Number of protein chains: 4
Amino acid sequence: MDDNAQDPTPDGRPALGIGMVGYAFMGAAHSQGWRTAARVFDLPLRPAMNAVCGRDAGAVRAAADRLGWAAAETDWRALIARDDVDVVDICTPGDSHAEIAIAALEAGKHVLCEKPLANTVEEAEAMVAAAETARSRGQIAMTGFNYRRTPAMALARRFVEEGRLGRLRHLRATYLQDWLVDAEAPMTWRLRKESAGSGALGDLGAHIVDLAQYLAGETLTGVSAVTETFVRQRPLPSGGTAEVTVDDAALFTGRFASGALASFEASRVAAGRKNALRIELNGDRGSLSFDLERLNELSFHDHTEPSVAAGFRRILVTEPDHPYLEGWWPPGHGLGYEHTFVHQARDLVHAIAAGTDPTPSFADGLRVQRVLAAVEESAAKNCVYTPVSA
Amino acid sequence: MDDNAQDPTPDGRPALGIGMVGYAFMGAAHSQGWRTAARVFDLPLRPAMNAVCGRDAGAVRAAADRLGWAAAETDWRALIARDDVDVVDICTPGDSHAEIAIAALEAGKHVLCEKPLANTVEEAEAMVAAAETARSRGQIAMTGFNYRRTPAMALARRFVEEGRLGRLRHLRATYLQDWLVDAEAPMTWRLRKESAGSGALGDLGAHIVDLAQYLAGETLTGVSAVTETFVRQRPLPSGGTAEVTVDDAALFTGRFASGALASFEASRVAAGRKNALRIELNGDRGSLSFDLERLNELSFHDHTEPSVAAGFRRILVTEPDHPYLEGWWPPGHGLGYEHTFVHQARDLVHAIAAGTDPTPSFADGLRVQRVLAAVEESAAKNCVYTPVSA
Amino acid sequence: MDDNAQDPTPDGRPALGIGMVGYAFMGAAHSQGWRTAARVFDLPLRPAMNAVCGRDAGAVRAAADRLGWAAAETDWRALIARDDVDVVDICTPGDSHAEIAIAALEAGKHVLCEKPLANTVEEAEAMVAAAETARSRGQIAMTGFNYRRTPAMALARRFVEEGRLGRLRHLRATYLQDWLVDAEAPMTWRLRKESAGSGALGDLGAHIVDLAQYLAGETLTGVSAVTETFVRQRPLPSGGTAEVTVDDAALFTGRFASGALASFEASRVAAGRKNALRIELNGDRGSLSFDLERLNELSFHDHTEPSVAAGFRRILVTEPDHPYLEGWWPPGHGLGYEHTFVHQARDLVHAIAAGTDPTPSFADGLRVQRVLAAVEESAAKNCVYTPVSA
Amino acid sequence: MDDNAQDPTPDGRPALGIGMVGYAFMGAAHSQGWRTAARVFDLPLRPAMNAVCGRDAGAVRAAADRLGWAAAETDWRALIARDDVDVVDICTPGDSHAEIAIAALEAGKHVLCEKPLANTVEEAEAMVAAAETARSRGQIAMTGFNYRRTPAMALARRFVEEGRLGRLRHLRATYLQDWLVDAEAPMTWRLRKESAGSGALGDLGAHIVDLAQYLAGETLTGVSAVTETFVRQRPLPSGGTAEVTVDDAALFTGRFASGALASFEASRVAAGRKNALRIELNGDRGSLSFDLERLNELSFHDHTEPSVAAGFRRILVTEPDHPYLEGWWPPGHGLGYEHTFVHQARDLVHAIAAGTDPTPSFADGLRVQRVLAAVEESAAKNCVYTPVSA
């Protein structure tokens, strides 16, 4: 018998069988989420890491051992078909999301799908349709915008909902990395349009568009965009070079339904910026600011205070009454990147047990996809203001 | 005789007579510059604060006493005509810049003109033409983009020139203030198109466009822009309300001649941001970052260093070998906002004494004006990419 | 059969049976460490969470289920006696450390003991003696100073070893929390001398003394100290009040063997400081600075650089070539508090498999204990300089 | 006639004649203060920079021209005797403070004396006695602890007075510089006990002791101290070396009358710290934190706020209702180091015009001197707790 198996537990809570497709960076992060969630939070179901799937039999078996999955599959259809898989967790590149997700939903499984939801709006629409049909059968489909689940971002959303910002005027967001600054950094699937859909736009821009719409509580109605690929040929690991067919960077401005202005910048060539997802909202009663490189902090300015003592305060989002903190450590003992996946697992388990609508839903993922599509259209048309389809 | 007079000094350096038009916020700041420059720096000429001009005789006399000007005039033509005025320093709203500057140049005077250089490209072009004619007669005409003269920005320019950033990929700049968040903040000349030309765009955006072009060492070739006025009616001090005819905020993206991407945001409704001029440049060998609210600091990332010890370093720009620091205090004893005007006075005096071309010149001011005009055109045309006229 | 069991794994690596005593805050943190280490790092042995021990049968059973331990014991002697327990991990209050650790070592088990190693120097000496005897039999005994294992602190130690700081002049360290600011915060075992040994001194001061000696690579030779208890009576949960018999705060200065000066402050009444372990070292070639509330960052100043570009640089300690980062996420994707326990588990497993001396050893723990004892003696004697016994 | 003279002004406000002794770093800073105060603030008297004094006739004449003093004297007794000198401003090394100040007071002049007030308690006591006698004749004597007059420190004092911190528990202060890190930095008067009194202790420690007592609103009752001289021989400009007879660094702990604990560190060998005067106060209702390298900011934590939104807020101390800001620039347009001298001049002029007691008085300066003496005594006696004489 296999020590990785996690059958129904002694305390009688039923298991929720998880099957994961893909086991690279995202797969490792999701594994930490599934492994930990029930150890920290009081969950109605206990996630059982029953099977992981990849195309290379040896590699997937090694990954299963390393990451703690009981079984290894080499065909995602076989994974979906397993009786001990209740949730299909999709951690593959974007070009396979739609096919796997729709098949899983049709097979009666719950689905968690990494972002961006798909590589095209059409795929995303088909996924939403499948999710809606499945929803009527009680299935849950969630998009993996994990950054919503940093405690600071969840607290920011709570502050916006409470009206602490008043009417929104500005939102500005950047997501900057630098791993493509070096012109000799090699070609990967992330630099090919056919596999990744887009470059910094879909990889990083998708996150900040989702956070923007989540925090603001409203959608973008139109955008004006410019994109660029600075390094157009990159070396292949096998020798020679290949053409980069995605953007290195994407900049866009936009408008929310309320009339608030927004700006976005996603880049993988911003030297020295490692994971600089920064987002700021300015309302007529207050402002919020966040930097993922300091993810345990939220900066808040209350504009209704007397000016003599007003200023951005640095809230360490580690208090027991902060989102997700009930299960963790004492104040000031910060969390890390992977905790967002623990929280994601927690929330998905609760949604499944309670039958409630998940957030972010596939429809939320589609809303992001439509913004990305409008960005690409605007960039292709010389920045012209391009409405986001509704 | 008047104690404010500053005649030729005992050490024999000739005086340089200054005449200033306008005595409000900018006039007070310029006065500090003229008063202090020769006390801190070794100058070939000693500025003499000989006359200040304003329309209200009582008010200008009181301002002269307060700010330390020997004489007060109520007609700027009379100021220009004075024999003891060698330099005309224009601190009025933008709608009068062209007329005063051109008259002063035609009268053989050197001119320092506050930014933005003018309210329209046409005015700015006429000013440049007048400056060029005057230049052939040995006169100097400088635009008052004072932020170039924070030591940190001058050091940043030096670093770019030395190639420490390599090829530029990104520049992003914001200039955020919040004094118009309150919908009850009253109407002023700064909120009327006919006097101010534009709103946050000309007031704040002009600064970041100039800094961007100065630091990058190249000009913007095109922009895509959106502007907004959130509060469209404001109370008049006299009762009733008036229509705000300028922007509260302007956002734009752009391209440099080299292909580098740029983004800009100017706003006077960003709650909690008091004077947040922030600018960052990312090149393929390094990056720079600056925040005017911490003006004695420059953040620099050297991307050629081994990653184990790389990171943005906080340079306290207060060392003796930093720009403008030869005359000031020991390391760590920071400067303030008004020191930029002392440095401006220093540099103008040197340019006049040596007969060298001033920077920023009127032509530099025109280059900014052309960007602002393209921004306004793009905003009026739904963000369409609009070339900057050359 | 029990799903918590972790028998020898399919890939054939032998299991290392862990038995943990105590399951409160520290027990939860250690559990995360044991659960995760082999999933992230390539370990020669796979930790098996075989048994946890506590006095209350129901509570320990619930904790076992929650935290993922296969069996629950109510007598620590029974836990030690288990064949499937190779390592005894002691997470109890300090007054029981010596008895449990010595018994475990005598029973042939490896031991990981939480800090402070003991409540008195005498107990710690007995533990070191037991560890030395056991060491000759191949057993490992480690003290749980987990903060050495933040990547930033491990990197700092590397920099010191490489000579990047030159001769040490200053070290200053504070560890500030605020959970006792409120005079109504209730009495706990941490506020009683008989259970906790001391207050902020042993709880927080022990950490910064260990880090100081670890980073400096030398021991403190003497100290001068003052301690204070500001709130002397606290409410009992059962009603009434009890006397606080430990310090709220301890401040001390000290000297290292090299002559460098050190200062320390530990407090649990520093309003607004949640987990502010801050440490700075100044040498004649460079300086280092760290703040546990931003644990993914290390600040480094290279004093050999030209002053024009020198400054404290913020190193994001998340690069692949940084300590402990080989198993984690891409650059900029930060870690949290509990990761120190994953690293502790990793290092202990390696030490056991290789038979190498562990760090921090019990002897290191004793060195800290001797400093704490000297602090208490100095505080009792009006701050007089008190040598640390060697 | 001399253009530096500043006779009674046209608006009729009487002049206040200033005579300054010493014209090096402090003299330059004070000159900026005298020159600017009446240009920014509405003062009842207009400071007239009538005479400066130094021993070298040529050098003092050049300094007078450069710094803007009407006359130059080479004998401080002659300066005191001048009819046009109402205020004697002493900017010399500490060993001459007592003699000059007492002579000036006996001659009926107001006195501003740089810190530390004297090199010994005995001298300081004599100065206080002279000041008290002079006070009865209406004269003012002020000690130049200029950092009280950063707006942020004045605001901090206001917050303490308003009870925003509650009962004080902790104060910690460091003042770190690095200009003596280099063992080859040359010998100066600041490194000789006979001229400077002490080293980092009197130069830097005096500032933080004064700020501590000012902010806390109470005096230190005892201290425990250690001092060190790391580099004991330094090169003479003339060749050869000389012995350093003052401390490079001084660390001490102390108690306030209220029982609050305090710690202090002054050093001139803290590599990378240029002017790091940092001070933090923790009370049971709130905390304050300040860093002179970011002197326009005050950090404030309100501990009475709900934890969900609590945190240290960064107050930009540049609002119109902040101390000293009525005369300066709009919000966010920061001040620099020398502005403290402008504020000092302002406050001294007001005290003279109104006949009110100045702060900090000579008695405040003596209170600091007594702490410094206790520090030296404690350091000489192995850190023993040494009461501060009352």
Practice task
Using the 7 Å Cα-to-Cβ label point, sort the distances from B:Thr304 to its equivalents in the other copies shortest first and give them in nm to one decimal.
Solution key: 1.8, 5.4, 5.7
Completion exercise
Of all DSSP beta bridges having both residues in the protein assembly as shown, the percent classed as antiparallel (nearest 5) is 60
Fill in the blank from the handout: Quick P(r) readout (the range B:238-390; Cα-Cα; 5 Å bins; whole %) gives 2, 7, 10, 13, 16, 17, 16, 11, 6, 3, 1, 0, 0
Completion exercise
Scoring the range A:15-147 by relative contact order with C-alpha pairs under 8 Å, at least six apart, yields a percentage of 22
Handout entry: Value of relative contact order over chain B, rounded to a whole percent, pairs C-alpha under 8 Å and six or more apart
Key = 19
Practice task
Please list, or write none, the lysines whose alpha carbon is within less than 27 Å of the alpha carbon of B:Lys381, excluding same-chain residues fewer than 8 places away.
Solution key: A:Lys381, B:Lys115, B:Lys193
Exercise for the section: Quick one: compute the contact order of the range B:116-255, relative version, from alpha carbon pairs under 8 angstrom and 6+ residues apart, as a percent. Expected result: 25
Exercise for the section: Per residue of A:293-304, count partner chain C-beta atoms within 10 Å of its C-beta, then hand back the mean as an integer. Expected result: 5
Problem - chain C: most fluctuating residue of C:Asp347, C:Asp210, C:Asp284 per GNM, C-alpha cutoff 10 Å - result: C:Asp284
Exercise for the section: Report the Stokes-Einstein translational diffusion coefficient (µm² s⁻¹, integer) for the range D:114-231, Rh taken as the Kirkwood radius over Cα pairs, at 20 °C with viscosity 1.002 mPa s. Expected result: 127
Exercise for the section: Take peptide C:228-238, look around each residue's Cβ out to 10 angstrom, count Cβ atoms belonging to other protein chains, and average those counts. Expected result: 1
Practice task
Take the Cα coordinates of the protein assembly as shown, assign each an equal point scatterer, and use the Debye formula without solvent to give log10 I(q)/I(0) at q = 0.04 Å⁻¹.
Solution key: -0.28
Problem - Prolate/oblate/rounded call for the range B:314-390, Cα gyration tensor, a/c under 1.5 rounded - result: oblate
Practice task
Mind jotting down the distance between the C-alpha centroids of the range D:184-209 and the range C:11-36, whole Å?
Solution key: 55
Practice task
Two decimals is fine: what is log10 I(q)/I(0) at q = 0.22 Å⁻¹ for the range C:312-352, from a Debye sum with one equal scatterer on every Cα and no solvent?
Solution key: -0.76
Exercise for the section: From other protein chains only, count the Cβ atoms within 10 Å of every residue's Cβ in A:248-254, then give the mean. Expected result: 5
Practice task
Indicate, rounded to the nearest 5 percent, the antiparallel portion of the DSSP beta bridges found entirely in chain D.
Solution key: 60
Problem - For the range D:170-186, 3J(HN,Hα) per residue [Karplus equation, 6.51 cos²θ - 1.76 cosθ + 1.60, θ = phi - 60°, Hz, x = Gly/Pro] - result: 9, 9, 10, 9, 10, 9, 10, 10, 9, 6, 10, 4, 5, 5, 8, 4, x
Fill in the blank from the handout: Expected max-MSF residue from D:Arg313, D:Arg164, D:Arg46 in the GNM of chain D (alpha carbon, under 10 Å) is D:Arg313
Exercise for the section: Output, in nm with one decimal and in ascending order, the distances from the C:Gln233 label point to the matching label points of the other copies (7 Å from Cα along Cα-to-Cβ). Expected result: 6.4, 6.4, 8.4
Exercise for the section: Mind running the shape call on the range B:252-300? Use the C-alpha gyration tensor, a ≥ b ≥ c as the square roots of the eigenvalues: rounded below 1.5 for a/c, prolate if a/b tops b/c, oblate otherwise. Expected result: oblate
Handout entry: Quotient of Cα Rg and 2.2 N^0.38 Å for chain D, N being how many residues it contains
Key = 0.99
Exercise for the section: Run the quick spin-label model on C:Ser389 and C:Glu305: label points 7 Å from Cα toward the beta carbon, then report their separation in nm to one decimal. Expected result: 4.6
Exercise for the section: For the range B:15-147, would you read off the P(r) tail past 26 Å as a percentage of all alpha carbon pairs? Expected result: 16
Practice task
At 10 °C and 1.306 mPa s, grab the translational diffusion coefficient of the range C:52-129 from Stokes-Einstein with a Kirkwood Rh over Cα pairs, rounded to a whole number in µm² per second.
Solution key: 123
Exercise for the section: In whole angstrom, note down how far apart the Cα centers of the range A:83-143 and the range B:259-295 are. Expected result: 40
Fill in the blank from the handout: Karplus ³J(HN,Hα) for the range D:262-277 (6.51 cos²θ - 1.76 cosθ + 1.60, θ = phi - 60°; Hz, whole; x = Gly/Pro) runs 9, 9, 9, 9, 10, 8, 10, 10, 9, 3, x, 9, 8, 7, 8, 7
Exercise for the section: Return the tail of the calculated pair distribution for the range A:175-267, meaning the percent of Cα-Cα pairs more than 21 Å apart. Expected result: 37
Exercise for the section: Place the label 7 angstrom along Cα→C-beta at D:Ser136 and in each other copy, then list the distances from the first to the rest in nm, shortest first. Expected result: 8.0, 8.3, 10.2
Exercise for the section: Using a Gaussian network model of chain A whose springs link C-alpha atoms within less than 10 Å, name the residue from A:Glu305, A:Glu106, A:Glu376 with the highest mean-square fluctuation. Expected result: A:Glu305
Exercise for the section: Report the residue of chain A with the smallest Cβ-to-axis distance, using the rotation axis that brings A onto D, in whole Å. Expected result: A:Arg313, 2
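Any read-out appearing in this document is the output of simple, stated calculations on the displayed coordinates, not a laboratory observation. This structure is a prediction, so every number in the text was calculated from the model and none was measured. Glycine also receives a Cβ, built like all others from the backbone with ideal geometry; neighbour counts cover every protein chain displayed.
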